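K.L.:
Here it is, the structure, as structure tokens.
The values are calculated or read from the model by the stated rules, or taken from the named source; none is laboratory data. Bear in mind that the values here come from a model prediction, so they are computed numbers and not experimental data. FYI the Cβ positions are ideal-geometry reconstructions off the backbone, even for glycines, and counts take in every protein chain you see. The area values use the complete protein model at the heavy-atom level, side chains included, leaving out ligands, DNA and RNA. Shrake-Rupley method; radii C 1.70, N 1.55, O 1.52, S 1.80 Å.
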Amino acid sequence: MSIISKDISKAADLLTAEELVAIPTETVYGLAGNIYSEKAIKCIFETKQRPFFNPLIVHIPSVEALENIVSYVPEKATQLADAFWPGPLTLVLKKNSRIPDLITAGKDTVAVRVPNHPTTLELLEALDFPLAAPSANPFGSISPTTAQHVDDYFKEKIQMVLDGGPCQRGIESTIIGFEGDEPVIYRLGSTSIEAIEAIVGPVDIKNKKEIAPDAPGMLDRHYAPSTLTILTTDISEAIELHQDKRIGVLAFQNAHKHDAITFQIVLSEANDLSEAASKLYDALHQLDKQDLDIIIAERCPDVGLGTSINDRLQRATVSS
Ligand code: AMP
Ligand code: MG
């Protein structure tokens, strides 16, 4: 077991000593280390079993700290940072020479954001270095949205999980890069396309593995339970097809009734996509523990955060 604790100064001490600490953010829990410590960064990759060619997101305490990380900021990047930071939007920008290659997988760009969680903002303010923090789960598995999820995955492999309660947003950050000076969405996430376009106008979306083959969140299969999982718009039809099996249902708004359903979670009875996003990964963790033959997941409406939820469900349901 790792220590699950709210002690921010203990977390700061461990990170300063080049150890890893799992940290809460509004999206998912991150496995954090000092970006300038080769030992800590290598340990992040080893602990997650993450391939070295997958770059990490750098977490900073404020918009002002961006100047220590990047060498150039397009005007629309400034507009997005001002609109959404602290918050679940990651910007991929030209890095400055102090950012280690290990963080960026040798690229000349770096992914950076200000997370919106009081505990982690206080931690970042207390440190004199930024934190690299990919999601605190083994590569490819369901992301953690509680301190307990992290401990279940890593036990004594990490010394401390800084407990900040359940993650309020529940899906990873939206990632935006720049082509010329124009924003392009590289990964859908907790900031909706509509919210982004309200600030900078229409944006291209390249949330595709063919375009970003080295992006871990872009693999066909990612965020995946170990139980066979399928995604459908017609739950009743899928239940009929699989009624000889032990079925778990992940419904969006309405509970379904059928004798073959042994476990069911409804993401938002109130038909609220942000509530559904915040509960998504915990629901998948719970379903995966029920010894089911199959999880049948229902597609959400394809608007706002529904598009991001469907993206994650799609990747959770591709068989390996
Ligand atoms: P994770 O921290 O696991 O949510 O994943 C980090 C995401 O940021 C991945 O999809 C990375 O490919 C992406 N990323 C990080 N740095 C860069 C970069 N320099 N260029 C493009 N994508 C990046
Ligand atoms: Mg991840």
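K.L.:
Quick check on LEU121: is it open to solvent by 20 Å² or more (accessible area, probe 1.4 Å), away from ligand 1 (no atom under 15 Å from the Cβ) and among the aliphatic types (A, V, I, L, M)? Please lay out each step first, then the result.
P.N.:
On the way: open to solvent by 20 Å² or more (accessible area, probe 1.4 Å): yes; away from ligand 1 (no atom under 15 Å from the Cβ): yes; among the aliphatic types (A, V, I, L, M): yes.
Judged against the criteria, LEU121 is a match.
K.L.:
Right, next: Could you tell me whether any residue of segment 254-264 is without any contact (Cβ under 8 Å) to a residue 40 or more places away in the chain, within 16 Å of THR317 (Cβ to Cβ) and not polar (S, T, N, Q)?
P.N.:
At the first step, the residues of segment 254-264 found to be without any contact (Cβ under 8 Å) to a residue 40 or more places away in the chain are 254-264.
From what is left, the residues that are within 16 Å of THR317 (Cβ to Cβ) are none.
No: zero hits.
K.L.:
Which of the residues that make up segment 229-244 are touching a residue at least 40 places away in the same chain (Cβ under 8 Å) and open to solvent by less than 70 Å² (accessible area, probe 1.4 Å)?
P.N.:
Here is the first cut: in segment 229-244, the ones touching a residue at least 40 places away in the same chain (Cβ under 8 Å) are 229-233, 235, 238-239, 242.
THR229, ILE230, LEU231, THR232, ILE235, ALA238, ILE239, HIS242, listed by residue number.
K.L.:
Of all helices (runs of 4 or more DSSP H) completely enclosed by segment 66-150, which ones contain at least 3 residues that are more than 16 Å from ILE35 (Cβ to Cβ)? Before the answer, list the steps.
P.N.:
On the way: elements: 75-84, 101-104, 118-126.
Ranges flagged: 75-84, 118-126.
K.L.:
State whether the residues of segment 195-212 include one that is at pLDDT 95 or above and in contact with a Gly (Cβ under 6 Å, 6 or more places away or on another chain).
P.N.:
no
K.L.:
Show the residue pairs that are 6+ apart or on different chains and have beta-carbon atoms under 7 Å apart, the first residue being within segment 139-153 and closer than 13 Å to SER2 by Cβ, the second being open to solvent by 30 Å² or more (accessible area, probe 1.4 Å) and within 16 Å of ligand 2 (Cβ to nearest atom).
P.N.:
PRO144/TYR153; TYR153/PRO138
K.L.:
In segment 130-173, which residues are within 14 Å of ligand 2 (Cβ to nearest atom) and of a type in the set (S, T, N, Q)?
P.N.:
Of everything in segment 130-173, those that are within 14 Å of ligand 2 (Cβ to nearest atom) and of a type in the set (S, T, N, Q) turn out to be SER135, ASN137, SER141, SER143, THR145, SER173.
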